[in-house]
Amino acid sequence: MNASVPASLPSRRSLLRAVGLAGAAAVLPLTGCGAEAGRQNGVTTLRFMQNKPEVVDYFNQVIKDFEALNPDIRVIQDFNEGNFVPGLVRNDPPDVVTRGFAQATADFVKKGIFADLADLPAAATINPEMQELISSWGRYSGNETSALPFSVAAAGVIYNRDIFDANGVAVPTTWDEFVAACETFKAAGIAPIYGTYKDPWTLAQGMFDYVAGGSLDVAGFFAKLTATGADISTAAPESFTNNFGPALPKMLQLASFAQGGAESKNYADGNAAFAKGQAAMYLQGPWALSQLIAANPGIRLGTFPLPVTNNPEETKARVNVDMALSITRNTPNMAAAQRFVGYLLEPAVVNTYNEKNAAFSPLKDAPAVTNPQISGLNHSIKEARYFQGAVTYFPPSVPVNNYIQSFVYSQNGDQFLSALDDEWRRVAERTAA
Amino acid sequence: MTTTSLAAEAAPSPRADFADSPVIRSRRRIDPTYYWMVVPVLALFAFFITLPALVGVFFSLTNYAGYGDWKFIGLSNYVNIFKDPAVLQSYIFTFVFALTTTVVVNIVALAIALGLNAKIKWRTGIRTVFFIPMVLSALIVSFVFNYLFSNTLPVLAERFGFTPLATSILANENLAWLAIVLVTVWQAAPGATIIYLAGLQSVPAEIYEAADLDGAGSFRQFLNLTLPLILGYLVINVILGFKGFLGTYEIIVGLTGGGPGMATQSVAMRIFSGFTGGDYSYQMANAVIYFLITLLISVIQLRLIQRRGVSL
């Protein structure tokens with residue numbers, strides 16, 4: 001007993017000392033870095049986080065060119081978007097960020113995470129209609145420009161040009177023409193549309209968003225709904241029940257044109273099958289194009305906006321701001337960050353990116369898209385006839401995709417819309433508290 | 001720990017007056033090795049499990065979204081949980097699923113164990129085959145079954161004209177949960193089988209000889225001899241299984257992802273959605289409620305075990 005006391009005490013003390021040293025060793029270099037990371041030998045280091053891992057090479061080249069022109073700035077690219085929120089929590093976010101702009105990013109804007117970019121010269125070159133895609137989500141303190149669009153993805157109906165030509169079908173410009181085209185394919189034994197209902201998001205972004213966006217003012221609807229707050233019932237004029245009802249039969253009609261067994265096919269199955277020519281049309285966005293080409297390099301594809309009414313001038317495309325540029329408000333390198341953002345929005349950089357990635361440039365005087373896979377959407381984009389998908393307005397805690405899948409299976413529209421009303425009200429109630 | 005043993009040395013044990021044995025025990029030095037075995041694990045457990053759980057309980061009383069500002073909102077998250085039919089549905093699904101799976105797993109495992117305990121040909125080889133599902137990752141197993149249900153089975157069903165299976169049962173809101181039960185049973189039965197095998201091997205062979213002489217048939221022998229003698233193992237299997245199935249997650253993710261519609265959303269999936277959904281504090285309240293329910297069930301089951309004289 002007595003012998004063990006002197007033996008154990010020093011050992012514990014030395015243990016503590018060792019732990020303390022290790023801890024200090026771990027902390028010291030970190031603080032050293034933190035103080036000097038921004039500026040070293042007159043060179044400012046920027047951290048640039050972008051949200052698309054598949055275009056790392058393009059941005060590496062952009063950064064190389066930028067650094068050659070600006071020897072006093074060094075840019076580090078980080079394509080792991082998952083680091084963004086932890087960076088905020090540590091109060092050490094990247095200096096320049098690109099994000100897909102929807103509900104989640106709009107929440108960051110509301111919390112004042114991003115700096116005001118309205119005074120940047122580049123901000124004046126942006127197409128105001130496309131800037132509105134961002135502003136419509138709400139602006140920090142009412143008038144700030146927290147993000148500038150960099151790349152706008154437009155989605156419609158991807159179609160197989162060979163199947164259309166072989167059956168003498170022209171690109172439909174009205175709903176009736178679209179239905180007639182589907183009937184023609186059906187009569188010829190071709191599945192009009194390839195459905196991948198096993199992945200609920202494909203139903204949400206395709207069938208649901210296209211028909212909802214084509215038949216009602218989605219942004220206006222959600223603005224009114226949000227303004228109503230938690231005090232909303234199924235009977236209220238702002239409710240889903242009272243606005244989405246007329247669109248539902250068209251959604252079901254659209255769903256009925258899918259091939260048999262769509263319930264057990266997922267997105268990967270759909271890409272493989274559509275690339276093999278197993279259907280005439282595919283309700284997917286430009287993200288599917290590269291996969292379809294990879295599966296069948298010889299396939300001739302086009303895209304047209306889904307006509308939901310019989311007035312061709314009302315036909316709209318679904319768009320999303322795939323990449324929006326922001327500078328974090330508390331960055332110590334504001335001047336350098338602004339120069340980098342200015343460079344990214346130079347026509348040569350931003351237009352080339354969008355041309356390469358089957359997307360639309362947000363610049364006012366961007367050249368018309370010539371890529372035949374998406375040029376069918378040119379008209380809608382040019383005339384600003386587009387909408388952001390209705391499902392992107394839902395808070396992530398509402399499993400709206402699953403509700404849509406349920407609706408397609410059960411065909412019970414009343415139940416579907418009242419479920420959306422209830423979910424929306426419950427989330428509004430608990431987030432208002 | 002040195003201080004505690006010093007204190008024990010200095011102060012005479014109050015129990016020394018009552019009996020001799022406690023005195024001897026308190027005088028006997030406790031080997032510090034045992035503390036070195038227990039204390040680090042205790043510290044790790046407290047730091048990585050207890051502490052985060054308490055932080056979660058704390059945030060369930062706030063409106064914290066996972067980042068940014070938050071404030072206390074009292075019990076309103078808890079009140080809202082009880083008004084949320086989607087959460088209620090996930091509870092109903094999870095309990096029905098756990099009960100069904102527990103029953104099926106135990107019937108299947110007991111049957112397999114009886115077969116594997118009998119003197120059959122290639123017993124060792126067959127045992128190995130039956131235990132393979134246990135070493136495979138549940139997520140991988142469920143992805144494989146997902147492919148079978150969605151692609152292979154419909155093709156086969158169509159060829160043989162068996163229409164009920166011509167579309168994937170994973171796409172059927174009323175039947176998808178049966179597919180999940182099937183895969184869970186396939187994955188969980190070997191573990192239960194091992195426990196039953198251990199139980200069956202502890203039953204002495206003589207009693208069966210005696211029963212034979214008394215003219216009991218094999219079903220009678222099973223009902224009146226085997227089952228009562230391995231009841232403790234049955235209780236363990238039921239309790240461990242039920243608790244495990246209440247937390248079901250990865251097999252559902254691999255098979256249906258909670259769909260079709262909302263048909264197969266388990267409570268664990270709902271809770272996890274709070275991390276990505278900006279709904280952190282609300283789902284933390286859900287987690288606290290679920291913890292209390294499972295705690296209650298565990299206490300009841302432990303009571304049952306103690307009555308049966310079995311200890312875990």
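Think of it as helices only: each DSSP H run of n ≥ 4 in chain B is worth -39500 (n - 2.57), and spread over all residues that comes to -21500 deg cm²/dmol at 222 nm.
Compute the FRET efficiency between A:T370 and A:A235 as 1/(1 + (r/R0)^6), taking r as their Cβ-Cβ distance and R0 = 45 Å, and round to the nearest 0.05.
On the way: r = 50 Å, r/R0 = 1.11.
The calculated FRET efficiency here is 0.35.
In this label model, A:E67 and A:E383 are separated by 4.7 nm, measuring between points 7 Å along each Cα→Cβ vector. Computed over chain A, the per-residue total of -39500 (n - 2.57) for DSSP H runs of n ≥ 4 gives a 222 nm mean residue ellipticity of -13500 deg cm²/dmol, rounded to 500. The orientation-averaged projection of the convex hull spanning the C-alpha atoms of the stretch B:85-215 amounts to 12.0 square nanometres. Here the residues A:K186, A:K316, ranked from fewest to most Cβ neighbours within 10 Å of their Cβ, fall in the order A:K186, A:K316. Classify the stretch A:316-393 as rounded, prolate or oblate, taking a ≥ b ≥ c as the square roots of the eigenvalues of its Cα gyration tensor: rounded when a/c is under 1.5, otherwise prolate if a/b is larger than b/c and oblate if not. Oblate.
Please give the per residue volume of the convex hull enclosing the alpha carbon atoms of chain A, rounded to a whole number of Å³. Kindly include the intermediate steps, with their values, before the conclusion.
Numbers: hull volume 90.7 nm³, N = 433.
Roughly 209 Å³ of hull volume per residue.
Mean-square fluctuation check for chain B, GNM, Cα pairs under 10 Å: which of B:T193, B:T163, B:T62 is largest? Top of the fluctuation ranking is B:T163. In chain B, excluding the sites themselves, the longest stretch lacking any of the chymotrypsin sites (Phe, Trp or Tyr not before Pro) that are in a DSSP loop with at most 16 other Cβ atoms within 10 Å is B:163-248. Approximating the spin labels as points 7 Å out from Cα along Cα→Cβ, the A:K110-to-B:F45 distance works out to 4.2 nm. For A:K198, a cut-off of 16 angstrom between C-alpha atoms picks up these aspartates and glutamates, skipping any fewer than 8 places away in its own chain: A:E263, A:D269, B:E173.
If R0 is taken as 25 Å, the Cβ-Cβ distance between A:E355 and A:R161 corresponds to a FRET efficiency of 0.75. To the nearest ten degrees, helix A:175-187 and the longest principal axis of the Cα atoms of chain A are 80 degrees apart.
With contacts taken as Cα pairs under 8 Å at a separation of at least 6 residues, chain B carries a relative contact order of 26 percent. Here the Gaussian network model covers chain B, with springs between Cα atoms less than 10 Å apart; of B:T248, B:T167, B:T184, B:T167 fluctuates the most.
How many Å³ per residue does the convex hull of the Cα positions in the stretch A:103-252 occupy? Walk me through the intermediate numbers first.
On the way: hull volume 24.8 nm³, N = 150.
Considering the Cα atoms of the stretch A:103-252, their hull volume per residue is 165 Å³.
Length, then width, then depth: along the principal axes, the Cα atoms of the stretch A:30-164 run 62, 40, 30 Å. Between the amide H of A:T44 and those of A:I73, A:R74, distances stay under 5 Å, these residues lying 5 or more places away or on another chain, with hydrogens modeled in the peptide plane. Taking θ as phi - 60° and the Karplus parameters 6.51, -1.76 and 1.60, the scalar couplings of the stretch A:290-301 work out to 5, 6, 5, 5, 5, 6, 8, x, x, 6, 9, 10 Hz in sequence order, x denoting glycine and proline.
For A:K52, list the aspartates and glutamates whose Cα falls under 19 Å from its own Cα; do not include residues on the same chain fewer than 8 positions away. Those aspartates and glutamates meeting the cut-off are A:D78, A:E81, A:D95, A:D322, A:E355.
Dimensions of the stretch B:77-135 from C-alpha coordinates, computed as largest minus smallest value along each principal axis and given longest first, are 59, 21, 13 Å. Taking chain A as a Gaussian network of alpha-carbon nodes connected by springs under 10 Å, the highest mean-square fluctuation of the residues A:Q415, A:Q131, A:Q61 belongs to A:Q61. DSSP beta bridges confined to chain A are antiparallel in about 60 percent of cases.
Can you check how the C-alpha radius of gyration of the stretch B:77-308 compares to 2.2 N^0.38 Å, as a plain ratio? Could the numbers behind the result be given before it?
Values: Rg = 20.8 Å, N = 232, 2.2 N^0.38 = 17.4 Å.
Normalised Rg, Cα atoms only: 1.20.
If you take the Cα centroid of the stretch B:202-220 and the Cα centroid of the stretch A:270-344, the two points sit 73 Å apart.
Here is the P(r) of the stretch B:182-247: all C-alpha pair distances, binned every 10 Å from 0, give 19, 42, 26, 12, 2 in whole percents.
Given R₀ = 35 Å, FRET efficiency for A:V85-A:A123 by Cβ-Cβ distance, to 0.05? FRET efficiency, A:V85 to A:A123: 0.85. Just so you know, the Cα atoms of the protein assembly as shown work out to an Rg and Dmax of 32.1, 105 Å.
Determine which lysines satisfy two conditions relative to A:K111: a Cα distance under 17 Å, and not lying fewer than 8 residues away in the same chain. Filter leaves B:K71.
Close amide-amide hydrogen proximity is noted between A:G195 and A:Q259, each under 5 Å apart and 5 or more residues distant or on a separate chain (H modeled in the peptide plane; Pro and chain starts excluded).
Grab the Cα-Cα distance for A:A295 and A:D176, subtract it from 0.36 nm times how many residues apart they are, and report the gain in nm with one decimal.
On the way: separation 119, 0.36 × 119 = 42.84 nm, distance 3.22 nm.
Stretched fully, the A:A295-A:D176 segment lengthens by 39.6 nm.
Name the longest site-free stretch of chain B, where the excluded sites are trypsin sites (Lys or Arg not before Pro) in a DSSP loop with no more than 12 other beta-carbon atoms within 10 Å. Spell out each step's value before the answer.
Working: sites that count: B:R28, B:R29, B:K71, B:K83, B:K119, B:K121.
After excluding every exposed loop site, the longest remaining stretch is B:122-312.
Indicate, rounded to the nearest 5 percent, the antiparallel portion of the DSSP beta bridges found entirely in the protein assembly as shown. So the antiparallel bridges in the protein assembly as shown amount to around 65 percent.
Where a number appears in this text, it was derived from the coordinates with a stated rule and is not lab data. A quick note: this is a predicted structure, and the numbers were derived from the prediction, not measured. Backbone-built Cβ (ideal geometry, glycine too); neighbour counts: all protein chains shown.
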